[in-house]
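Here's the structure, in structure tokens; my notes come after.
The values are calculated or read from the model by the stated rules, or taken from the named source; none is laboratory data. Just so it is clear, the structure is predicted and the values come from calculations on it, not from any experiment. Here the Cβ positions follow ideal geometry from the backbone for every residue, glycine too, while neighbour counts run over all protein chains shown. Surface accessibility is based on the protein's heavy atoms, side chains included, excluding ligands, DNA and RNA. Shrake-Rupley method; radii C 1.70, N 1.55, O 1.52, S 1.80 Å.
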Amino acid sequence: LESFYARQLRLSPHVLGHSKAHVGRVVAELVRAAKAQGLQPGPLALSLRGDFVRIGSAYEQHKVRSPDCFDILVPLRLPPHLEAEPRCADGLGPRGTFICGLRARASWPRRQRPLADGFCVELQGRSHLSSGLVLRWFQGHLQRCLGAVRYRLQERCRISLSACPGRPPMLHILPCSDYVCCHISMAVRLIPAIPLGDALYLTALPPEGPQSPPAPEALWGINASRQEQRLLSWLKEQAPASSCHLKCLQILKGLRDLRAQGLEEPFCSQWRRVLSSYMLKTALFSLLLQGPLDAWDEQFLVERLEDLVLYLRDCLRKQVLMHFFLGNTSLPDAVALPRFLKEATPVNLLDAFDGPTLDLVAFQLINTWFQAPVVIRMYSSPRYLRPPPTP
């Protein structure tokens with residue numbers, strides 16, 4: 001496991017630091033240009049707030065293999081006369097997901113008619129801000145600003161923007177050879193986000209799959225990435241200096257990816273969805289708060305990794321893994337939660353999957369752990385190593 005981590009999973013802090021700094025400069029330029037263009041008079045009622053929020057594994061110290069993918073939240077200004085409406089129990093959205101609507105108040109002022117006409121849809125007789133229409137506007141808005149930014153950055157890098165229907169746009173950055181020592185092509189997912197206050201955001205629900213019906217455009221998903229980062233900071237302060245909890249998460253993600261190389265579709269896709277990085281991180285959070293943090297010292301790496309695998313196995317068999325922040329009353333006082341999350345209805349993240357699928361994933365997970373040396377030797381050869389799928 002140590003060799004697997006050191007040779008295939010561990011990131012160079014030097015390369016990761018250069019990549020994050022480069023991504024930050026490019027995204028700052030693009031957001032600044034997009035905000036400036038949005039301030040010009042016009043019929044549209046949406047604009048960028050002017051900042052961006054770094055989220056995901058690259059900024060939480062548990063990314064594996066290569067710093068080539070990044071996630072950035074781009075907050076928009078919340079239009080007036082809209083109020084958040086949690087809808088997690090009415091059966092309108094995908095199962096296993098906390099969803100929320102942004103409902104318009106009873107009457108729109110005349111000056112807000114462009115927002116209602118251009119960005120709202122009807123849901124159960126009321127006007128709601130459409131995540132799909134906002135996403136399409138966001139993609140077009142960034143594309144219009146790309147030319148000026150590309151010109152200013154031409155000596156540093158080449159940049160382009162791509163978008164798939166229903167998904168946030170992807171910014172592609174190719175550094176110039178004489179500008180940065182780490183010549184890595186990077187993809188940055190730019191996610192438009194509606195701020196709710198207290199570092200809490202709403203983002204568009206991603207498509208579940210080609211066979212799944214799309215979620216209503218009036219619905220949004222909750223994003224608590226900032227709360228996750230606060231919890232990780234608290235854990236870093238409380239745990240031993242040589243704590244292995246993030247290393248356990250990285251190794252488990254690496255074993256998951258290796259095992260996927262030998263699985264056939266459609267189970268391979270189900271395996272990746274059930275054991276997504278978010279699911280693994282949620283299980284780790286839950287396990288960390290169950291016992292003394294001193295037990296996560298580096299010398300107990302194998303024992304703690306096995307505990308995490310067995311905990312996940314039990315969650316899959318019981319078909320229950322609760323969202324870590326929604327309605328969770330057992331969080332440490334140092335990790336303050338917004339009232340919106342405290343009062344939210346708890347959500348079981350595994351509700352989206354049927355029992356036979358979860359049983360099969362549980363079996364394969366335990367099998368992968370027991371045969372970890374064989375899996376590492378077999379699927380780490382050049383024949384099997386290939387880039388992970390685009391997020």
Largest fluctuation, ALA84, ALA362, ALA34 only, Gaussian network model of the chain with Cα springs under 10 angstrom, belongs to ALA84
Scan the chain and report its longest stretch carrying no chymotrypsin sites (Phe, Trp or Tyr not before Pro) that are both in a DSSP loop and have at most 14 other Cβ atoms within 10 Å. 180-383
Treating the angle as unsigned and between 0 and 90°, give the value, to the nearest 10°, between the Cα long axis of helix 245-260 and the longest Cα principal axis of the chain. 90 degrees
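With +1 on each Lys and Arg Cβ and -1 on each Asp and Glu Cβ, how big is the dipole of the range 239-380 about its Cα centre, in debye rounded to the nearest 20?
The calculation lands at about 260 debye.
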I want to check the label-to-label distance for HIS14 and ARG158. Put each point 7 Å from Cα in the C-beta direction and report it in nm to one decimal. 2.7 nm
Tilt relative to the chain, helix 301-318 - C-alpha long axis, 0 to 90 degrees, to 10: 60 degrees
Taking only Cα atoms, what is the 0 to 90° angle, nearest 10, from helix 225-238's long axis to the longest principal axis of the chain? 40 degrees
Dividing the mean separation of Cα pairs under 8 Å (6+ apart) by the residue count of the chain yields a relative contact order in percent of 16 percent
Of (i) 242; (ii) 144; (iii) 287, which one was derived for volume of the Cα convex hull per residue in Å³ from the structure shown? (ii)
Once both labels are modelled 7 Å past Cα along the beta-carbon direction, what's the GLU306-VAL374 spacing in nm? 1.8 nm
List the GluC sites (Glu not before Pro) within the range 235-339 that DSSP assigns to loop and that have no more than 16 neighbouring Cβ atoms inside 10 Å. GLU264
In percent, how large is the relative contact order of the range 239-380, given Cα pairs closer than 8 Å and 6 or more residues apart? 32 percent
Averaged per residue, what accessible area in Å² does the chain show with a 1.4 Å probe, protein chains only? 48 Å²
Amide H neighbours of PHE98 at under 5 Å, excluding residues fewer than 5 places away on the same chain, with H built from the backbone geometry, are ILE222
DSSP beta bridges in the chain: the antiparallel percent, rounded to 5, is 85 percent
